[in-house]
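Q: Got a structure for you, questions after.
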Amino acid sequence: MEIGIYVDDEAKERGESEQTIYREGQKHSYIAEKVIGHGSFGVVYKAYESYTREAVAIKKVFFDERYKNRECEIMKELEHPNIIEYKKSFVIDGGTKEDVYLNIVMEYFPEDLKRVMDYYRNQGEKVPLFMTKVFMYQILRALAYLHGKGICHRDIKPSNLLIDPTRNIIKLCDFGSAKKIVPGEENISYITSRHYRAPELILGARYYSHEIDIWSAGVLLVELINGEAPFKGENGVDQLIEIIRVLGTPNRLQLIKMNPDFIEFKFPQVLPISWSYFFEKKVPEDALDLISNLLMYIPSHRMKPIEALMHPFFDELRASTLYSDPLNRVPNLFDFFKEEIELSSVQIIEQLVPTWYRNEELERMQKNKKAICTPSRDYEDELDKMVRDHKKKSKRSKAQTTRRRGSQYELDDQEVYARFYDTKT
Ligand SMILES: Nc1ncnc2c1ncn2[C@@H]1O[C@H](COP(=O)(O)OP(=O)(O)O)[C@@H](O)[C@H]1O
Ligand SMILES: [Mg+2]
């Protein structure tokens, strides 16, 4: 089944003619292999590119040329190891107004977290705690990046987290509900799948923020540990009752913080239960602590994703011994890139990168003698300061750092600054 000729919208925007798109007259098509997802929006196919044979996923959605497709616009903005990569988009026009589709081409990932959890559930088992850590770390890293860019995903749940099981890499997908949150601007409250929906959304809040995703991440963490989502309401109100059963009845202040416009409502008076009583089996103290910091009524009290990465729950992932055995299948969790650092802070990232990793990275880079680093403009001052500080501190004070053509540096001594820049060899 042929989906359509690949027309490169971005190449068109750059003013390139179709000739260059068809590369030496070769006809490029995406050949659909099978349908892998259905929704109210349309269909997701697994496909491959007829020329390169590269596997891709194509999400086909209705298209109205009067509006920009928000999902596509947001995806184009994102580049992160834990977010599914956007490749291209093209429109297929069937001739009538109702027959126009936007096709969003993405990298293909074979599994999703829902299927992984179902697999363990069917065996009567739970996802191992170690894998839970590997997945949750990556999910929170994606959220730190996304929220740093002002974007709220608004539909965090297992089927929107794709997995490559060979390397235990997890990537966030489905930006169909995502939105850039602007303080003071209204948003719809009927969003996020029910079991993952934050209490302020159930209470009808319209001025909520990124913390709604943190709630969903907290629910995911409990689900990974327990094999089942903690609050499984049958409808909106029932969902809130399920939350109250565990967190207790929200007090006045908590209600106001969730939704100041909320009209008085008689809630059943319930006392909170401790998370340690919630689980049937014994769950480590650090996991319980992280859960209680994510699942808080007051949105601003929920832990920020970057802080959550620093939580002792993830300390196990920072041990060098883990990475010496490839059978552990742990992806690189410390390859923070320039934009990620800019969106948080150098100090925080320094805390997240273990010393052994930093040393190995420096060793690797020093072997790569001619590494050329291109810092962003914002970092030039910071780099100058770091070079000065480093020269002061360094015993081998002949750290040779030459400034070249304004924005480029050739670094002989990579020690301090290497990890802050994209490095081309
Ligand atoms: N890039 C991809 N690689 C592999 N499977 C995907 C990909 N994108 C989506 N899918 C599959 O299609 C399903 C639906 O896609 P999604 O974007 O989540 O749409 P919906 O709005 O219906 O939830 C996902 O749950 C996943 O199983
Ligand atoms: Mg989805």
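Since every read-out is calculated from the coordinates, none of them should be taken as a lab result. Keep in mind the model is a prediction, meaning the values are calculated, not measured. Here the Cβ is made from the backbone with ideal geometry for all residues, glycine too, and neighbour counts use every protein chain on show.
Q: Report ³J(HN,Hα) in whole Hz for each residue of segment 160-171, in order, from the Karplus equation J = 6.51 cos²θ - 1.76 cosθ + 1.60 where θ = phi - 60°; Gly and Pro get x.
A: My calculation for segment 160-171 gives 9, 10, 8, 10, 9, x, 5, 10, 6, 8, 10, 9 Hz in order.
Q: Which trypsin sites (Lys or Arg not before Pro) in segment 200-255 sit in a loop by DSSP (not H, G, I, E or B) and have at most 14 other Cβ atoms within 10 Å of their own Cβ?
A: Numbers: sites: R206, K232, R245, R252; in loops: R206, K232.
Taking segment 200-255 and a limit of 14 other Cβ atoms within 10 Å, the loop trypsin sites (Lys or Arg not before Pro) found are R206, K232.
Q: May I pose another question? Per-residue counts of other Cβ atoms within 10 Å, averaged by peptide: what ranking do you get for 149-161, 351-363, 333-345, highest first?
A: On the way: 149-161: 21.5, 351-363: 14.8, 333-345: 17.0.
For the peptides 149-161, 351-363, 333-345, the packing ranking is 149-161, 333-345, 351-363.
Q: Here's another thing I want to ask about it. About the Cα centre of segment 87-233, what is the dipole size in debye to 20, counting +1 per Lys and Arg Cβ and -1 per Asp and Glu Cβ, all else neutral? The partial results should precede the final answer.
A: Working: 20 positive and 18 negative charges, 57 e Å.
The calculated dipole for segment 87-233 is roughly 280 debye.
Q: Still on this structure, I have one more. Can you work out the Karplus-derived ³J(HN,Hα) for every residue in segment 311-319? Use 6.51 cos²θ - 1.76 cosθ + 1.60 with θ = phi - 60°, whole Hz, and x for glycine or proline.
A: 4, x, 3, 9, 4, 3, 6, 9, 7
Q: Separate question: Where in segment 154-218 are there chymotrypsin sites (Phe, Trp or Tyr not before Pro) that are in a DSSP coil and have at most 16 other Cβ atoms within 10 angstrom of their Cβ? Show your work: numbers first, answer last.
A: Numbers: sites: F175, Y190, Y196, Y207, Y208, W215; in loops: F175, Y190, Y207, Y208.
Counting only loop positions with at most 16 other Cβ atoms within 10 Å, the chymotrypsin sites (Phe, Trp or Tyr not before Pro) in segment 154-218 are Y190, Y207.
Q: For the pairs K87/K133; K60/K304; K34/K171, note any where the Cα-Cα span goes beyond 32 Å. Could you put the intermediate results ahead of the total?
A: Values: K87/K133 29 Å; K60/K304 34 Å; K34/K171 21 Å.
Going by Cα-Cα distance, K60/K304 fall outside the 32 Å limit.
Q: Oh, and also: Given H placed on each backbone N at 1.01 Å, which residues far from Y108 in sequence or on other chains put an amide H within less than 5 Å of it?
A: Hits under the 5 Å cutoff: A57.
Q: Another one. Mind checking which of L220, L255, H195 is farthest towards the positive end of segment 190-269's charge dipole, using Cβ charges of +1 (Lys, Arg) and -1 (Asp, Glu) about the Cα centre?
A: Farthest along the dipole direction, towards plus: L255.
Q: Using modelled backbone amide H atoms (1.01 Å from N, in-plane), which distant-in-sequence or interchain residues come within less than 5 Å of E33's amide H?
A: K46, A47, Y48
Q: Related question: Run the simple label-point estimate for E77 and S29 please: 7 Å along Cα→C-beta, distance reported in nm.
A: Inter-label distance under the simple model: 3.6 nm.
Q: Between I348 and I256, what is the label-point separation in nm under the 7 Å Cα-to-beta-carbon projection?
A: Going by the 7 Å Cα→Cβ label model, 2.8 nm.
Q: Could you pull out every residue, at least 5 positions away or on a different chain, whose amide H is within less than 5 Å of the one on D174? Hs are placed 1.01 Å off N in the peptide plane, and Pro or chain starts have none.
A: Here nothing satisfies the definition.
Q: Which of the GluC sites (Glu not before Pro) found in segment 160-223 are loop residues per DSSP with 16 or fewer other Cβ atoms within 10 Å of their Cβ?
A: Counting only loop positions with at most 16 other Cβ atoms within 10 Å, the GluC sites (Glu not before Pro) in segment 160-223 are E185, E186.
Q: I need the peptides 297-303, 67-73 ranked by packing, meaning the mean over residues of other C-beta atoms within 10 angstrom, with the highest value on top.
A: On the way: 297-303: 17.9, 67-73: 14.3.
Result, highest mean first: 297-303, 67-73.
Q: Could you sort out which of K282/K338; K232/K257; K97/K180; K157/K257 sit more than 32 Å apart by Cα distance in this structure? Walk me through the intermediate numbers first.
A: Working: K282/K338 40 Å; K232/K257 23 Å; K97/K180 29 Å; K157/K257 24 Å.
Those over the limit are K282/K338.
Q: Quick one: what are the phi-derived ³J(HN,Hα) couplings along segment 65-77, Karplus 6.51/-1.76/1.60 with θ = phi - 60°, whole Hz, x for glycine and proline?
A: Result, rounded to whole Hz: 5, 6, 10, 6, 7, 4, 4, 5, 4, 5, 4, 4, 7.
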